[in-house]
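S.K.: Starting off with a structure, shown below.
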């Protein structure tokens, strides 16, 4: 147990806590509302990317349907919001649960397929979801299953926000805390029994089977966890925007999501945070500061993807610390005393 | 005790195990034979990767073939693979602990059992990641994984392949100690005859999917069929197929 709470864990915990405090208190003090809104999006996108960390990074299952699941989460959050009067945390949990069920159904082919075929099947599942949501439209207070009514002329009440998150800053803080809790949930899975079983499956399925791992159960468990997380993110997104249309939930976003997740680093939760920054903060920054359009970013991500595939499989999250250490060594070198001749000879 | 009765495995057009009836009485038992004899396939049947076409396997009175594949590990079947399969991303401790988590041993003894198994194989840094270990230590991790959590049957598939002599000796000591220390029946597949004869009181020999000898290791290794099978002559096969035993003895060795 002492080893478990060793120095490394303590240091890491302290860094995470410090970053959380900066996110919660420093950022709202430094930036204006449009930035804060972007930071909220970063947090939400980070959770969606973390879903891919679970599926691909930990278990080795590729899913191209996670962004569609975000849409399912958003839809479900809105629908439940107009259907029942739940406190916001319960709304989050209920949305997560519904999305979890949908995600497990999409994940069922993973029991038989892997690699390219699983990618195709999940992408087709995403296509089906996108199509259905385009037909259903997003709920805006109407009746029936879809909860949608044709009233563009006003009278639509936006989705509720948590009681202490009605302001932009308040909602941002609420989102950060919820996302931190979701990350904690994922982390708990990684270091406990499921994480070890997933590592075994990722390494070799026959060996995992011989080790007594119920592969069906643990694969579906991974899909359930990733979908639950994505569903919670979707509910937060619904509350952030208040109302939405099928417009932002393009099928291509499923591909962009996995590309950013890989660039950020698909094997760790840090990578998920970087992916959130890459997908939401970088475009916003480039747009507002330098007027660089969205399309340039797609090219930029393409280049980044190449870089990851060629030289840095762990993405920015793993590459950056290495690069910084190298840079530090380069800077320090001229100031160091050159080793004496006797030392060199040993 | 494991009793195998008329076991036959067929893949499309090939019969890697052909009507084998053999008993592994207990302790450490050897299973030898030339490449392609069906040894690994036999292990695959025991661990549930391969469904046999015919035959029964009873392990300590339990009908093994009726057991769902992943439950066999819980019941007590452990195995190592020809290419070692320790999980690189986990520490030595977690590698062994994950087997314990899916075994029939209780949670309360986990820490002690896991550390005990790691100590048994002679590894001293339980918290270092397996990815950082050398080939020899990874093999030892696999053995630790195989003996933790109250195993009943431990299947070792060429555990000493590629190891230098003194390491093989260490491995031999470990294998010999498993039945007594952990109470499991060991089946050892290896091409190193000195390792097999040092560890195993009894040995069974497969050749082209058929059992050609079984019994006390010393007797088996002297058996003419066995030496022939290992020299790779074709007569043994033909004779087995024809069932002409007398014919064999007349052939020059």
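S.K.: Restricted to the stretch B:30-76, and to residues that are more than 30 Å from residue B:218 (Cα to Cα), out of contact with any strand residue (DSSP E or B) (no Cβ under 6 Å at 6 or more places or on another chain) and part of a helix (DSSP H, G or I), which residue is farthest from the other protein chains (Cβ to nearest Cβ)?
M.R.: Checked the stretch B:30-76; the qualifying residue farthest from the other protein chains (Cβ to nearest Cβ) is B:66.
S.K.: Where in the stretch A:191-274 are there helices (runs of 4 or more DSSP H), lying wholly inside it, with at least 2 residues that are touching a helix residue (DSSP H, G or I) at 6+ places or on another chain (Cβ under 9 Å), touching a residue at least 40 places away in the same chain (Cβ under 8 Å) and more than 14 Å from chain B (Cβ to nearest Cβ)?
M.R.: Of the helices (runs of 4 or more DSSP H) lying wholly inside the stretch A:191-274, those with at least 2 residues that are touching a helix residue (DSSP H, G or I) at 6+ places or on another chain (Cβ under 9 Å), touching a residue at least 40 places away in the same chain (Cβ under 8 Å) and more than 14 Å from chain B (Cβ to nearest Cβ) span A:215-241, A:252-264.
S.K.: Among the residues of the stretch B:65-91, count how many are closer than 18 Å to residue B:156 by Cβ and in contact with a helix residue (DSSP H, G or I) (Cβ under 7 Å, 6 or more places away or on another chain).
M.R.: Final tally of qualifying residues: 11.
S.K.: Considering the stretch B:78-92 alone, what residues qualify as being over 18 Å from residue B:161 (Cβ atoms) and surrounded by fewer than 21 Cβ atoms within 10 Å (Cβ to Cβ)?
M.R.: Across the stretch B:78-92, the qualifying residues are B:88, B:89, B:91.
S.K.: Could you look through the stretch B:96-114, keep only residues that are more than 8 Å from every other protein chain (Cβ to nearest Cβ) and surrounded by 17 or more Cβ atoms within 10 Å (Cβ to Cβ), and pick out the one that is nearest to residue B:32 (Cα to Cα)? Walk me through how you get there before you give the answer.
M.R.: Pass one, the stretch B:96-114, residues more than 8 Å from every other protein chain (Cβ to nearest Cβ): B:96, B:100, B:104-114.
Keeping just the survivors that are surrounded by 17 or more Cβ atoms within 10 Å (Cβ to Cβ) gives B:96, B:100, B:105, B:110, B:113-114.
Working: B:96: 28, B:100: 29, B:105: 31, B:110: 34, B:113: 31, B:114: 31 Å.
Per the criteria, the residue is B:96.
S.K.: Take the residues of the stretch A:1-30 that are part of a helix (DSSP H, G or I) and within 14 Å of chain B (Cβ to nearest Cβ): which is modelled with the highest pLDDT?
M.R.: A:9
S.K.: So which residues in the stretch B:204-220 are in a loop (DSSP other than H, G, I, E, B) and buried (at least 21 other Cβ atoms within 10 Å of the Cβ), if there are any at all? Step through it out loud before you land on a result.
M.R.: At the first step, the residues of the stretch B:204-220 found to be in a loop (DSSP other than H, G, I, E, B) are B:208-209.
Within the stretch B:204-220, just B:209 meets the criteria.
S.K.: Any idea which residue in the stretch B:80-94 is nearest to the chain's Cα centre (by Cα), counting only those that are within 17 Å of residue A:196 (Cα to Cα) and facing another protein chain (nearest Cβ under 8 Å)? Walk me through how you get there before you give the answer.
M.R.: We begin by selecting, within the stretch B:80-94, every residue within 17 Å of residue A:196 (Cα to Cα); these are B:85-94.
With the extra rule that they be facing another protein chain (nearest Cβ under 8 Å), the set shrinks to B:85, B:87-90, B:94.
Working: B:85: 15, B:87: 20, B:88: 23, B:89: 26, B:90: 25, B:94: 24 Å.
Of everything passing the filter in the stretch B:80-94, B:85 is nearest to the chain's Cα centre (by Cα).
S.K.: Check the stretch B:105-118 and report whether any residue there is at pLDDT below 90 and assigned to a loop (DSSP other than H, G, I, E, B). Before the answer, list the steps.
M.R.: Step one: filter the stretch B:105-118 for residues at pLDDT below 90, giving B:105-107.
With the extra rule that they be assigned to a loop (DSSP other than H, G, I, E, B), the set shrinks to B:105-106.
Yes: the stretch B:105-118 contains one or more residues that are at pLDDT below 90 and assigned to a loop (DSSP other than H, G, I, E, B).
S.K.: Further question: Within the stretch A:130-141, identify whether any single residue is more than 14 Å from chain B (Cβ to nearest Cβ) and over 30 Å from residue A:255 (Cα atoms), and answer yes or no. Walk me through it before giving the result.
M.R.: As a first pass, look at the stretch A:130-141 and keep what is more than 14 Å from chain B (Cβ to nearest Cβ): A:130-141.
Restricting the remaining residues to those that are over 30 Å from residue A:255 (Cα atoms) gives A:141.
Looking through the stretch A:130-141, at least one residue is more than 14 Å from chain B (Cβ to nearest Cβ) and over 30 Å from residue A:255 (Cα atoms).
S.K.: Let me ask you something else. Can you name every residue in the stretch B:149-165 that is within 13 Å of another protein chain (Cβ to nearest Cβ) and either under 16 Å from the mean Cα position of the chain (by Cα) or surrounded by fewer than 24 Cβ atoms within 10 Å (Cβ to Cβ) (or both)? Before you say what the answer is, go through the steps one by one.
M.R.: Quick first cut of the stretch B:149-165, residues within 13 Å of another protein chain (Cβ to nearest Cβ) only: B:149-157.
B:150, B:151, B:152, B:153, B:154, B:155, B:156, B:157, listed by residue number.
The values are calculated or read from the model by the stated rules, or taken from the named source; none is laboratory data. For clarity, every value in this text was computed on a predicted model and none was experimentally measured. Glycine gets a Cβ as well: all are built from the backbone with ideal geometry, and neighbour counts include every protein chain shown.
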